[in-house]
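Just below is one structure, and these are the notes that go with it.
Quick note: the coordinates plus some simple rules give every number you see, no bench work behind them. Bear in mind that the values here come from a model prediction, so they are computed numbers and not experimental data. Backbone-built Cβ (ideal geometry, glycine too); neighbour counts: all protein chains shown.
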Amino acid sequence: MKNLVIENKGDQIILKLNKKGFDEDYLISLIKRLQAEELVLKAGFSSDILSVAEEINQEWWTKNEDDFLKGVKK
């Protein structure tokens, strides 16, 4: 059996995964990401949200970098 088989069945896409071909933790994280992306699509966020997220991230890093990296060699 192949590690990954994709079947298109009308209104469904069926993924068949060989358990021996994939790391279970990786698959769980992949499924969680797909679920998160589905929620983002349902919420109707535009791509503008990415720039807002980047701005928030940059502001946090600017304010907290020294505390976050305290004791770590630069």
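Side notes on the structure shown:
- Distance between the range 40-74 and the range 9-28 - C-alpha centres, whole angstrom: 31
- For the chain, the mean projected area of the C-alpha convex hull, equal to one quarter of the hull surface, is 9.0 nm².
- Label-to-label distance, nm, for residues given as residue 41 and residue 61 (7 Å Cα→Cβ offset): 2.9
- Fewest-first sequence of 68, 45 by Cβ atoms within 10 Å of each Cβ: 68, 45
- Degrees, to the nearest 10: 24-43 long Cα axis against longest axis of the chain: 80
- Inter-label distance for residue 28 and residue 9, nm, one decimal - labels placed 7 Å from Cα along Cα-to-Cβ: 2.6
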